[in-house]
Amino acid sequence: MLSSVLNSKQTIQVNIQVMRIFTCNRQMFIDNTDLRLHVEKIKTKLDNQDKNMELVFQYLGELTEKKDEPRIRNRIGYKPDIL
């Protein structure tokens, strides 16, 4: 604030530099906000993919458990008459 009140060449240059720094900082925060939003979108997509992968592995686990049980099969071919 003092640099904007004083009227020397050096204070004017300091004031201009301070304003440039503030505008750069503001632009950096805006850019980071966009970047942060993109990162959040990617995180939600990955979370959804993780949930889908968990479901796939759960279904695969259920299928492998069912294969462990022996199935009763009907015989094919010649069947003698047993009374």
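Every number in this text was worked out from the coordinates using simple rules, so none of it is lab data. No experiment lies behind these values; they were computed from the predicted model shown. Here the Cβ is made from the backbone with ideal geometry for all residues, glycine too, and neighbour counts use every protein chain on show.
Just rank VAL39, VAL14, fewest to most, by other beta-carbon atoms within 10 angstrom.
Numbers: VAL39 11, VAL14 15.
Placing the least packed residue first, the sequence is VAL39, VAL14.
Straightening the chain between PHE57 and THR33 buys 5.0 nm, computed as 0.36 nm per residue apart minus the Cα-Cα spacing. Computed log10 I(q)/I(0) for the range 2-62 at 0.13, 0.14, 0.15 Å⁻¹: -0.59, -0.63, -0.66, from the Debye equation with unit scatterers placed on every C-alpha and solvent omitted. What you get for the chain, charging only the Cβ of Lys and Arg (+1) and of Asp and Glu (-1), is a dipole of about 240 debye around the Cα centre.
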